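Worksheet: the structure to be examined is printed underneath.
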Amino acid sequence: MTRIFSLALGALLLTACADPAMEARVKTLEEKIAKLEAAPAAAPGAPGAKAAPTPEDQAAIELYRKANEQFRAGDNAAAKQTIADLLAKYGSTRVAEPAKRLADQLSVVGKEITELKVQDWIQGNTSLTTGKATLIVFWEVWCPHCKEEVPKLEATYEKYKGQGLNLVGLTKITKGKTPEDVKAFLTEKSLKYPIGHEDGSMSEFFGVSGVPAAAVVKGGKVVWRGHPAQITDAMIAGWLGT
């Protein structure tokens, strides 16, 4: 049972990075694991006997937690190194699979990109050479979390565009939605920053498997990848060099 909860925790930890609402569930699961591991184990081979985590499992879990903390803080470079250390030392542990998924997402950081591939512009237009840094948010009009996070970025854009922040929203317009649905949402929320319709190539390049998701491009390279709710004023100041 401990093994089952540990595997579930690994998956939830990764999800929590992309959805802050999951963090409460992660904490509850961690508490369950702690209680199970603290309970007296049955005799080996006896009914109900639990396989205790090995020292390697425990070390891998600690590195995974560290990587997620770094990821939440926006320090993707440090998170990449921590995950690399985990996989190099503990690649055969139960944490390896979720660690590899996080590594795939972090691998986007450092990739070179010079242009946005947009089928058509729903509102405004922009390029990756506009401003000092470009924040890209991936979203869909049917996504409830997108409806919460995307409008918040309007205030971010208004606050920092004068200092060089460029902002663009990209949507594939899926699940039966239409450009008119997107336009209606933009009008309802009074969103002014550029919104482009993409064919999925941008999502693929940035390793986006769920929305909302965000990335920052500066100087022709991806310098950050994460969830829009993670973005702080300090992070923006760093991207803009202020």
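Every number here is computed from the coordinates shown, using simple stated rules; none is lab data. Keep in mind that this is a model prediction, so the values were computed, not measured. Methodologically, a virtual Cβ is constructed for each residue, glycine included, from the backbone with ideal geometry; neighbour enumeration extends over all protein chains shown.
Structure notes:
- Global size of region 120-240: 13.2, 39 Å for Rg and Dmax (C-alpha atoms, Rg to one decimal, Dmax whole).
- With the convex hull of its Cα atoms as the shape, region 41-161 has an orientation-averaged projected area of 12.1 nm².
- Asp85-Ser190 FRET efficiency (beta carbon distance; Förster radius 51 Å; 0.05 resolution): 0.65
- For Ala133, the amide hydrogen comes within under 5 Å of the amide hydrogens of Asn166, counting only partners 5 or more places away or on other chains and with H modelled in the peptide plane.
- The share of C-alpha pairs in region 172-226 whose separation exceeds 19 Å stands at 41 percent.
- Positive-end residue, region 95-242 charge dipole about Cα centroid, Cβ charges, pick of Val216, Ile195, Pro151: Val216
- Contact order normalised by residue count of region 120-240, Cα under 8 Å, 6+ apart, percent: 38 percent
- Separation in nanometres of the label points that stand 7 Å from Cα toward Cβ, at Lys100 and Asp120: 4.1 nm
- Take every DSSP beta bridge whose two residues both sit in region 120-240; close to 60 percent of them are antiparallel.
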